[in-house]
Structure formats: structure tokens, C-alpha cells
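Quick one: this structure, given as C-alpha cells, is what I'll be asking you about.
The values are calculated or read from the model by the stated rules, or taken from the named source; none is laboratory data. Note that the structure is predicted; figures quoted are calculated from it, not measured. Here Cβ is always computed from backbone atoms with ideal geometry, including for glycine, and neighbour counts include all displayed protein chains. We work out accessible area using only protein heavy atoms, side chains counted, and drop any ligands, DNA or RNA first. Shrake-Rupley method; radii C 1.70, N 1.55, O 1.52, S 1.80 Å.
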Amino acid sequence: MRTRLFWCITLVLLCHPRLEAQTVTTQFPPPPASRPSGGAGVRASQPKAVPGADLPDAPGLPGLLPQARVVPQKPSGVPVKIVADSQSREPVKGGNLYILNGHVALYYGSYIVRADHVTWNDVTGEATARGHLVVDGGPDDEHFTASHGHVNVKTNVGVLFDVAGTLGEKRLPHGHRVFISQNPFSITGRELQLLGRHKYRLLHGTMTSCRLPRPDWRIYARQISLNNGVASAGNALFQFFHVPVMYLPYVTHPVSQRRQSGFLLPILGHDTIKGTIIGMGVYETIGRSADITLATQYYSKRGFAPNGLFRYRGPGLDFAQFHVQSLLDHGLLTPSGKRINQGGVDVAGDGRYDLSSHTRAVMDMEYLSSYVYRLVFEEEYASAIDSEVKSQVYVTHKYRDIWASARLNRYQNFENASVSGDEVRILHLPELDLDVADRRLGGPNSHSPFMWGFTGSAAALSRYDYPSFRTSAEVPRVDFHPRLSVPLHFDGWNFRPEAAFRETWYGKSQYPATLEQIPVVRTAGITRTYVEAGFDFRPPALERDFRAPWLEHLLGGELRHVIEPNLSYRYVTGINNFRQILRFDETDVASDTNEAEYGLTQRLFLKNTRPHRCRGDAALGPKKMCGGGTRDWVTWRVAQKYYFEPDFGHAITSGTPNPLRTTLDFTGVDFLTEPRHTTPVISRLRLRTTR
């Protein structure tokens, strides 16, 4: 009986590990592996039948189920890390009380509490600190400094004294910090009460959107409440450079990125031209995707200046924005006692709307009623001296390599600020364009070496030149321009000869006149026909790689220097009625030419061999690693044109700047005041600082 009992206990112990695994995973274990024959010891006997052999085959083990594995339980709770020069622990009910001294740092969840002395209860989560207290993290990405206080890292409740800090600030590696809110928010105060998630109360403190410790403006109040991303205060003072400027019975300020409707901060100032400035505005959200700002300012020397801003952000790339500025000027008093009105209206708008995946509508418009208004009251120098006002609205549809567009275009250029109406206006109302990219003759599957393309347009045009030139409301123009080319490639050498035919019909024309004469419009139509031929020749590019260790350390990667020479030739003939063509845009200034262009382009390609962690604003994006890949870092092109026919088919008027298509296409400057053979040498340097 004892022998039988001994063998039963032995078998149970041997099977116990397998039974435990079966109870955890409800899977059968694999059979024991057999030892090779002929060795020492006893060979284990193999079962003739394996349990579960009649079940479907398991992956990788025919006739068997997968091997059993014990799945470990995931750890629960919030990880805690404590750093201190000295620490001790005292048992309390249900846990421990930690007493920490010297350079203390307590990491709990999203909170980081630093101080000279901290006591922390790991059961309640209460941390009491004193001496250089710093609290980072929390539900609102807080960064507070205080003399002393206590905070519960579990319930987000506590009190901080003599506090200063920010909300909505994100910590980055290497000690860098960036604001993640569009409305950065800073506070200072005698006492800050943490009342739970997204709720605070500041006593005898200030709030501002400027960086501490020297903000330009701030709002002071006895009590400031911050609830769910909105700060509010009553009986507040608006301070500008620590000087009380205005009393505010009630004021609100959004802390988070959530938009809030309400009144804007008043505007107070003084200007030598405008006088005393007083302004007030209101901001209103319109649903989830739009908002509007309406405001007005009063200039004591000039009058009221209403302004407004409308913004819309739709799905994808859809957006719209309109900005209105104006001045209801009561006049500038001159020494002679006469008042000069310098008021005006400036309306600007831009937007985009995708009608489908292949069709989009785009708007970029501006209306300026008075150039004097822009000269006097525009605050940016580059905008103030710009006398051109351009507007266009177009709809374009793409089908494979074909683009069809319809657009409205308005161009206005003020010639003289002191003379009302001295301007040039050119209208395209409307214009239809069709562009076909170069494609293989005979279809995409053809082996023909010829490529063809097409450009065409139909437009209704008008032009007004002060004081005596004006076309009718609309001058029809139809342009037809097919082209044919033969790209040839051989061992890095590229040669592309091209020929084209162009015909343009105008519903009206002008009597032959030079640029010194005022043109006279006649009702007779005119047709301009010409042919052009030329080639583009590009020899193999020269390149060299630089892989010096010091260069890779300085630039962060390898460097490749490429030199690309090119030579092109163009010949145009058949334009014998240049002085009879009405001029609206670059299509109308085509002329006969016989020219060659030669140039040299140098490029520096930078290859980032060592990807690195994203820094700065890039760290806020979805990617954690930046760098890698290759970019066209520096491009420098030097080129010049030589004209074999210096008078361009008698199209030059000596002594007057002559805009011709061949010069506008190359330099964009009306430098041709007389016949000449060469152009100035152009040098264009482009530096790409980001990927």
C-alpha cells in the first residue's frame, strides 16, 4: 500500500506543472522530446496517442495545439519616483509618510513637485512643500513657482502661496518650454487655490498673456477665477507697464485654445497723425468653423476708423478670410485753413474651396478706394509704398494632364497720389484658359519620339489709362498656341528641339503708335500670327560628394555639389503689326526675336545621415524623429541672354522703357530703352533653411 501511494504522489508531482499551465490557458502542452538512442540513462517512453490529436492542426505543429504560456498580469497603480538628498519613511494608516530634504523631486503621474523640503503621504497623495517650490504638469500643463504650499497630486487640489507661473506650457527635452495654447496665460498672486481639474482661484493677483517677469500689460484683481479654460475677474484694473490705465467692471480671458465670444480689451494710445486713440471691439464665434471681429477706433484728429475681420476654416484645405479697414476722415486742417480728406476703405479677402477632388475655387482680392489713405495710415512700410492693387477669382478643373480654368482678374495701379483718378485699370471679365501638358504623340502607349502640348484662352478685356485712353467695356481676344517637341537623351546629354505656332485674334485694335504717343482705339479687329522654333541643350551635370567628418559634424550630413550648364536658343518671326496691338498683359507684348540664353546653375544637396529627435515647434508634430533624407539646400544660378536682332522687329521705341515678353520672362525689368545685344547678367541665390 505504501509503495502504491508513493508512485501516485510521484506521478502527481511530475504532472503538476502541466496541469497548472492547462488551468491558466486551457491548452494542452506538447509531448516530451525523445532523447537520442544509445546514450546513458533510461529513455522516456513515448505515448502512442497524443491528447487532442484529432483536433485541427495548430500553426507550425501539425496535429498539435500551440505550447502553453502563462500571461503575466499588467502592473496596476501610478508609477512614483522620488529623488532627494536625504529621505526617511514613517508608517501611517494604510501606507507611508515620506520625509524628503534637499533638492527634492517627486514624480507622480503627470505631476513633478520640486522643493527644498517635502512631506508626502502615499495614501492620500498630499504633498506639503516649502522652499523654492516648483509644480509642473497637471491637467492644464501648469508651471508654478511658490514659496510654500501643499498640493494633492491625486485630486488636483491644493494651495500655493506667493505664486507665479503659466498655464498651457509644454515641457520639451533639454529644459526647453513652449506654449501649446494660442492664448498663452501667465499669473502672479499672493495665493493660488487649486480646486480640482481645470479649476483655480487666484487671490490678490494678476493675469496676462505676456511672458513673465516683465509683461507689457496685465490685469489686477482681488480675485480671479479660472474655470474650464476661461479666466474671469470683477472690479479689475488694466495696467500697462505697471501703470494703471483703465478700470474694468468685468473682464474675461480664454486660457485654452477654445474660442470664447466677448468684448476685447480697450485700446488707448496717442499718435502724432491720429491724435488720441480710443478703441473698443467685440469678438463673436459663429459655430465651430467661423468667427468675426468687429471693432472701431476714434482718432481725435481724424475721426472714426471702423474695421472688421471674418475667418472661416472648413474641411481639408477650405478656408476664407475677409479684412476691412476704413477711416471716416473729417479732414486734415492745413495752415491755410482748408481741410484735406485722406480717408478711405481697404478691403482684402482670400479663400479656397474644393468643389471636388479635381476642382477647386480660389479667391485673392483687394479693393482700395484711395491710395492716399494707404500712404498715410498703413503701418507696414512695404504695404504703404505698394501702388498696385490686384484681385483675381478663378475656378480650375484638372483631368489627367489637362487644366481648364475660368477666372476674373482686376489690376489697378495708382500713378499719382495727389491727383484723383490718375491710375491704370485692366480687367479680365472673364477669361477661359485651357492648358495641356506635353504628352506623347499617338497616345501614352505610343513609341513616337514626338511630344505635343497646347495652350489656349478666350477673354473679354478692358483698359483705362488716365486721362484720355479708355477701351470699350469689353475687347474680345482668342489665343491659340500648339507646340511640338522631340526630347532626346544620350548618356547624360539632353537635347530638346521645339517648334510652335501661335495665332491671336483681337476684336479691336489701335492705330499704329509708339509708346510716346497716346493710342487711339479703332473698331477693326486684327490677327497676329507667328511661328517660333528653338532648342534647349543640357550637357551632363558635374557632381562631387564631400564626406569629411568635420563637415558632417558641422552640417549634420553629407554634402553634394552639382554644376549644371545649359544653353537655349529661340527664334520668333511673323509679328509685323506690333504697334497695332492693344496691350493688356504679357500675351500682347510678344515680338520677333532671335536670341540665345546661356547660364550655369550650382546646387548644394544636403543629406542628413543622422536623424535626430524633433526640437522646438517640430516637437509638437506627430513625428518624434526629424532629419534624414536629402534636400536641395542652396541653388545659385547665373545667366545672360544675347540678342542677334537688337531691335526685335522694329518693336523698340527709343528713350522709353519697352516691356517685351522676352525681357519680362528673363529679368522682370523694363530695361530696354534702346536696341541692344546683351542683357544684364542675372544672379539668383536661393537658400532653403527647412525641409
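Hey, can you find the accessible area per residue of region 298-381 for me, probe 1.4 Å, expressed in square angstrom? Provide the component values of the computation, followed by the final result.
Values: 5060 Å² over 84 residues.
So region 298-381 comes to 60 Å² accessible per residue, rounded to a whole number.
Next question. Could you give the spread of the C-alpha atoms of region 457-576 along their three principal axes, from largest to smallest, in whole angstroms?
Here the Cα extents, ordered largest to smallest, are 72, 35, 27 Å.
Once you keep just the Cα pairs under 8 angstrom separated by 6 or more residues, what percentage relative contact order results for region 408-555?
Details: 299 pairs, mean separation 23.5, N = 148.
Answer for region 408-555 is 16 percent.
How large a share of the accessible area of region 447-530, in percent, is made up of carbon and sulfur atoms when the probe is 1.4 Å and the other protein chains stay in place?
Accessible surface attributable to carbon and sulfur in region 447-530 totals 62 percent.
Separate question: If Lys and Arg each add +1 and Asp and Glu each add -1, what is the summed charge of the other residues whose beta carbon sits under 10 Å from the beta carbon of residue 103?
So the environment of residue 103 carries a net charge of -1.
What FRET efficiency do you get for residue 478 and residue 416 if R0 is 35 Å and r is their Cβ-Cβ distance, rounded to the nearest 0.05?
For residue 478 and residue 416, the calculated efficiency is 0.50.
Put a dot 7 Å past each Cα toward the Cβ at residue 625 and residue 105; how far apart are the dots in nm?
So the label points at residue 105 and residue 625 sit 2.6 nm apart.
Sort 344-356, 102-114 for me by packing, meaning the mean count of neighbouring Cβ atoms within 10 Å per residue, highest on top.
Sorting 344-356, 102-114 by mean packing, highest first, produces 102-114, 344-356.
Also, quick follow-up: Kindly rank 432-440, 397-405 from highest to lowest mean number of other beta carbons found within 10 Å of each residue.
Packing proxy ranking, top to bottom: 432-440, 397-405.
In addition: Distance in nm between label sites at residue 366 and residue 338, each 7 Å beyond Cα in the beta-carbon direction?
My value for the distance between the label points is 3.0 nm.
Classify region 216-347 as rounded, prolate or oblate from the Cα gyration tensor: take a ≥ b ≥ c as the square roots of its eigenvalues, call it rounded if a/c is under 1.5, otherwise prolate when a/b beats b/c and oblate if not.
oblate
Sort 485-492, 562-569 by packing, meaning the average of other beta carbons within 10 Å per residue, with the highest value first.
By packing density, highest mean first, the sequence is 562-569, 485-492.
If the viscosity is 0.692 mPa s and the temperature 37 °C, what Stokes-Einstein diffusion coefficient in µm²/s follows for region 378-516 when Rh is the Kirkwood radius over Cα pairs?
The Stokes-Einstein estimate is 174 µm²/s.
Classify region 119-159: rounded, prolate or oblate, from the alpha-carbon gyration tensor (a ≥ b ≥ c, eigenvalue square roots; a/c under 1.5 rounded; otherwise prolate if a/b is larger than b/c)?
oblate
Further, regarding this structure: My understanding is that a pair violates if its Cα-Cα distance is over 24 Å; which of 508/641; 93/154; 274/338 do that in this structure? If you can, show how the numbers build up before the last one.
Working: 508/641 34 Å; 93/154 18 Å; 274/338 18 Å.
Beyond 24 Å: 508/641.
Net charge near residue 529, counting Lys/Arg +1 and Asp/Glu -1 over other residues with Cβ under 9 Å of its Cβ? Don't skip to the answer; put the middle values down first.
Details: positive: 502, 528; negative: 503.
Once all neighbours under 9 Å are counted, the net charge is +1.
Under 1.5 on a/c is rounded, so check that first for region 415-456, then, if it is not, pick prolate when a/b is larger than b/c and oblate when it is not; a ≥ b ≥ c are the square roots of the alpha carbon gyration tensor eigenvalues.
The shape class here is prolate.
Using the heavy atoms of the protein chains and a 1.4 angstrom probe, tell me the accessible area per residue for region 460-598 in square angstrom.
Values: 7490 Å² over 139 residues.
Using a 1.4 Å probe on heavy atoms only, each residue of region 460-598 averages 54 Å².
Once the Cβ-Cβ distance between residue 685 and residue 247 is put in as r, and R0 is 41 Å, what FRET efficiency do you end up with, to the nearest 0.05? Provide the component values of the computation, followed by the final result.
Numbers: r = 55 Å, r/R0 = 1.35.
Efficiency computed from Cβ-Cβ geometry: 0.15.
Let me ask you something else. Taking 0.36 nm per intervening residue step and subtracting the Cα-Cα distance, what contour gain separates residue 359 from residue 489 on full extension?
43.3 nm
Let me ask something additional. Note the full-extension length gain between residue 85 and residue 600 as 0.36 nm times their separation in residues minus their Cα-Cα distance, in nm to one decimal.
178.8 nm is the gain from fully extending residue 85 to residue 600.
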